[in-house]
Amino acid sequence: MIRHLQVYGAGMLAGLLVAGSAFAQGAPNGNTVNGKKLFETVGCFQCHGYVGQGGGAGPKLIDPPVWEAFIVQLRTPRQQMPPFTAKVLTDQQAADIYSYVQTFPKPADPATIPLLRN
Amino acid sequence: MAQPAPARAAVPAKPQTVGDTQAPTEQRIVTSGKVGGDFMVDCLRALNIDFVASCPGSTFRGLQESLINYGMNTKPEFITCLHEEVSAAMCHGYAKIAGKPMSCLVHGVVGTQHAAMPIYNAYCDQAPMLVMAGNVGEGTSRRPGVEWAHSAHDQATIVRDYVKWDDQAANLQDFAEGMVRAYDIATIAPMGPVFVVVDADQQEEEIDPKEKLFIPKLRKRSQPMGDAVAVAEAAKMLVAAENPVIVAGRYQRTAAGPQLLAQLADTLNAPVLDERSRMNMPNRHPLNHTERGAGLLRQADVILCLEPMDLFGTLNNVTDLIGRPSTPKIRPDAKVIVIGTTDAQIKANITAYERYNQADLGITGDAETTTPSLIQAIEKEITPNRRSALATRGQKLREQSTGFMKAVYAQAAMGWTANPISTARTCAEVWEQLKTSGGEYTMSSEANFLSDWPYRLWNMDKPWNSMGRSVGGGVGYTAPASLGAALANKEHGRITVSLNGDGDLLMQPGTLWTAAHHEIPILYVVHNNRAYHQEYMHVQRMAQRNQRGIDRAHIGTTIDNPNIDFATLAKSYGVYSEGPISNPVDLGPAITRALAVVKKGQPALIDVVSQPR
């Protein structure tokens, strides 16, 4: 599996890669480090991108939905996403991924990016 | 037809030795006049064929010699390729930019087999191509061994399912007439490849001076147009509609296409959903509402589909689950009008014709050719009251379009600084350098694997700015087809940019050598996601469906361990290159340097380590 260094704002990653953090009300505690590993090994990145930016194959995961909606989409997905049943991805693993997804940096305002001005 | 070889002597001839003063007993033949291959070159010139792409083969040694010595390698010029997949795919890309076919010359049987995939792609994409295949038809003319393995009685059977027509001439006059007919058939909509077997003896034998050969004149060609009564009926439906939508499939056939479609949309004040299979419509035209996607179809009461390639797929959502459930994207009461030529030529075996979908009105005719009469019929149908209502609708649509770019930029900003580099970033960096070209550029590659970012970020309003897809989906199309497009662009001084998948380029990397050897300017930006990513996702889907091994889908699908060094690969073929680039900050300067090389008339390649999509 391909391993890549994710480029984030300074300090953000160190602050967020902490085991046992819960980031959304109702979400179980998730291990962000394990969540990153799972995100890159069980196929999430293929459609959502390595930093959750989304694209033609899948929507963005930056600013993910609440946990309850996330787990429903994971287990019984709408549209083209294949299902991650509990048999192949436990609730804890799902929570780990959810924890990791919360760490994706918010995009810059496109008005501040010269190449994205009309 | 060749004369039988003289009977051999019962006693072997005495071997020739140095110092012998007697000539050998076997006849040596040289020619003093024109040979058949020379006449074949005359035929190619009469058809205005500028290039013949080829990987050399003995079954057409005669024609090749005629091309380079009788024709002096000028109009047509022999483009040396390292594989028939390259030579045939170059024809595909060339035709879409040049607006006329070029030819490829393939070796008997095995060369045809190599060329089969790009011929198939061109067939699916309705692109004209003149394929000439060498063959030693006469058994007694075949030298022992491999020449027998490379000849056939009916070589066209290899490709007959996906060419419009094929021919095998009995003599040179038959050849001339066949070639003109082949060109004619290739360039009538629905266009497509044609296959002409070129007999070795016909190429090599001297022409009897008494033989009066002539090349028939090529007909001035018009394209099939939709029936006037049906067009009037379509106009009536469209004018009466409250929410009509125009869907452009493989619409553009000539340089007039984009402005014609824009004019149709303007006349009707209807939004266009561009499926981007050709340069159908200026992407920033205020009635180009492709950004709204399927939502555009949901509210439509009349849908006009112009040259649809997959009507069922256009109008239905098909979920990739067991059983392939599908749900319509359109209202149950929506009316569907189809204008196109695909139904005029369908072959049964290969199912590239897609699933059947019902329509209320089917008009057989080239959509671009039919457009002026449709516009006229619509104008005739619009009453003063109706004109006002349509104008109001159009105004709302135009206002809505002003928000599209803001949404596009907001999406492009996501992952902007990521490593691997986002496809949005790559496309934005390339555009930053292209936008001063005055529109004199072609994006020659497909863009769906880059989430269509070029169509969303770049300004495309010239007929040559994009050229759609392979349609047949045979991987290995992009690099050589892009080179064919670049060959067509060369005389116009246009920049050709191929955002090339890594897997695709690896199918025919020898394409790069042809680019360097013939000094064809083109910029290859390798979308290097280190995988056959589509297949990666497919196998992933299977693992999840079967509830096992969801972390093993990389087996057999990823292209890593080791990572391929595309820059070094390109250098080995004589192409300027940089990479691998994985820091987005380095990308802009690399593109600048590479484009400087391209603007001097040479190819260049940048290897970009990329996000998957």
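The values are calculated or read from the model by the stated rules, or taken from the named source; none is laboratory data. As the structure is a prediction and not an experimental result, all values here were calculated from the model. As a convention, Cβ positions derive from the backbone with ideal geometry for all residues, glycine included, and neighbour counts pool all protein chains shown.
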### Query
If you check every pair at least six apart or on different chains, which have Cβ atoms under 9 Å apart with a residue in region B:523-535 that is farther than 23 Å from residue B:483 by Cα first and a residue that is charged (D, E, K, R) and crowded, with 24+ Cβ neighbours inside 10 Å second?
B:533/B:613
#### Entry: Sole exception among (1) at pLDDT below 95; (2) closer than 30 Å to residue B:316 by Cβ; (3) of a type in the set (A, V, I, L, M, F, W, C) for residue A:84, by number
(1)
### Task
Scan B:391, B:410 and give me the residue that is outside the structural domain of residue B:126 (by TED's automatic domain parsing), touching a Pro at 6+ places or on another chain (Cβ under 9 Å), in a helix (DSSP H, G or I) and of a type in the set (A, V, I, L, M).
B:410
### Message
When you scan region B:561-575, do you find a residue that is surrounded by fewer than 18 Cβ atoms within 10 Å (Cβ to Cβ) and under 30 Å from residue A:74 (Cβ atoms), even just one?
### Response
yes
### Task
Taking residue A:105 as meeting all but one of (1) free of Cβ contacts under 8 Å to residues at least 60 places away in the same chain; (2) within 13 Å of chain B (Cβ to nearest Cβ); (3) not hydroxyl-bearing (Ser, Thr, Tyr), write down the number of the exception.
(1)
### Query
What number goes with the only condition from (1) closer than 26 Å to residue B:558 by Cα; (2) away from chain B (no Cβ under 11 Å); (3) of a type in the set (D, E, K, R) that residue A:91 does not pass?
(1)
### Task
Quickly run through region B:436-448 and pick out the residues that are under 17 Å from the mean Cα position of the chain (by Cα) and either surrounded by fewer than 22 Cβ atoms within 10 Å (Cβ to Cβ) or over 17 Å from residue B:96 (Cβ atoms) (or both).
B:448
### Query
Taking the condition buried (at least 22 other Cβ atoms within 10 Å of the Cβ), within 8 Å of another protein chain (Cβ to nearest Cβ) and either part of a loop (DSSP other than H, G, I, E, B) or among the acidic types (Asp, Glu) (or both), does residue A:84 pass?
yes
#### Entry: Number of the exception - residue B:487 against (1) surrounded by fewer than 24 Cβ atoms within 10 Å (Cβ to Cβ); (2) more than 25 Å from residue A:49 (Cβ to Cβ)
(1)
### Message
So residue A:37 ticks every box in (1) within 14 Å of chain B (Cβ to nearest Cβ); (2) buried (at least 21 other Cβ atoms within 10 Å of the Cβ) but one. Which box is left unticked?
### Response
(2)
### Task
Scan region B:285-331 for residues that are within 14 Å of residue B:246 (Cα to Cα), in contact with a Pro (Cβ under 9 Å, 6 or more places away or on another chain), of a type in the set (A, V, I, L, M, F, W, C) and assigned to a loop (DSSP other than H, G, I, E, B) and jot them down.
B:287, B:300
### Message
As an exercise: evaluate residue B:329 against (1) in contact with a Leu (Cβ under 8 Å, 6 or more places away or on another chain); (2) away from every other protein chain (no Cβ under 14 Å); (3) at negative phi and give the number of the one condition it does not meet.
### Response
(2)
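Residue-wise test of (1) within 27 Å of the chain's Cα centre (by Cα); (2) among the β-branched types (Val, Ile, Thr).
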{"position": "B:267", "(1), (2)": "no, yes"}
{"position": "B:277", "(1), (2)": "yes, no"}
{"position": "B:339", "(1), (2)": "yes, yes"}
{"position": "B:368", "(1), (2)": "yes, no"}
{"position": "B:378", "(1), (2)": "no, yes"}
{"position": "B:382", "(1), (2)": "no, yes"}
### Query
In this structure, is residue B:418 facing chain A (nearest Cβ under 7 Å), buried (at least 21 other Cβ atoms within 10 Å of the Cβ) and in a loop (DSSP other than H, G, I, E, B)?
yes
### Residue count, region A:60-76 (criterion: exposed (fewer than 15 other Cβ atoms within 10 Å of the Cβ), within 13 Å of chain B (Cβ to nearest Cβ) and outside any helix (DSSP H, G or I))
2
### Subset of region B:330-352 [under 26 Å from residue B:127 (Cα atoms), without any contact (Cβ under 8 Å) to a residue 40 or more places away in the chain and of a type in the set (A, V, I, L, M, F, W, C)]
B:338, B:346, B:348
### Task
Please specify each residue of region B:203-232 satisfying the condition of being closer than 23 Å to residue B:45 by Cα and not in a loop (DSSP other than H, G, I, E, B).
B:203, B:204, B:206
### Message
I'd like the full set of residues that are within 14 Å of chain A (Cβ to nearest Cβ), of a type outside the set (A, V, I, L, M) and touching a helix residue (DSSP H, G or I) at 6+ places or on another chain (Cβ under 8 Å), limited to region B:559-582.
### Response
B:580
### Query
What number of residues in region A:9-45 are in contact with a strand residue (DSSP E or B) (Cβ under 9 Å, 6 or more places away or on another chain), at pLDDT below 50 and either assigned to a loop (DSSP other than H, G, I, E, B) or within 26 Å of residue B:611 (Cα to Cα) (or both)?
4
### Task
Answer yes or no: is there a residue in region B:545-552 that is facing chain A (nearest Cβ under 10 Å) and part of a helix (DSSP H, G or I).
yes
### Message
Just to be sure I understand the filter: pairs with C-beta atoms under 9 Å, separated by 6 or more residues or on different chains, first member in region B:180-199 and in the same structural domain as residue B:342 (by TED's automatic domain parsing), second member part of a helix (DSSP H, G or I) and modelled with pLDDT of 95 or more. Which pairs pass?
### Response
none
### Query
Could you list, in sequence order, the residues of region B:553-580 that are part of a strand (DSSP E or B) and not small (Gly, Ala, Ser)?
B:558, B:576, B:578, B:580
### Task
Kindly list, by first and then second residue, each pair from a residue in region B:392-411 that is within 13 Å of chain A (Cβ to nearest Cβ) to a residue that is surrounded by 14 or more Cβ atoms within 10 Å (Cβ to Cβ) and among the acidic types (Asp, Glu), limited to pairs with Cβ atoms under 8 Å and residues at least 6 apart or on different chains.
B:404/B:291; B:407/B:291; B:408/B:291
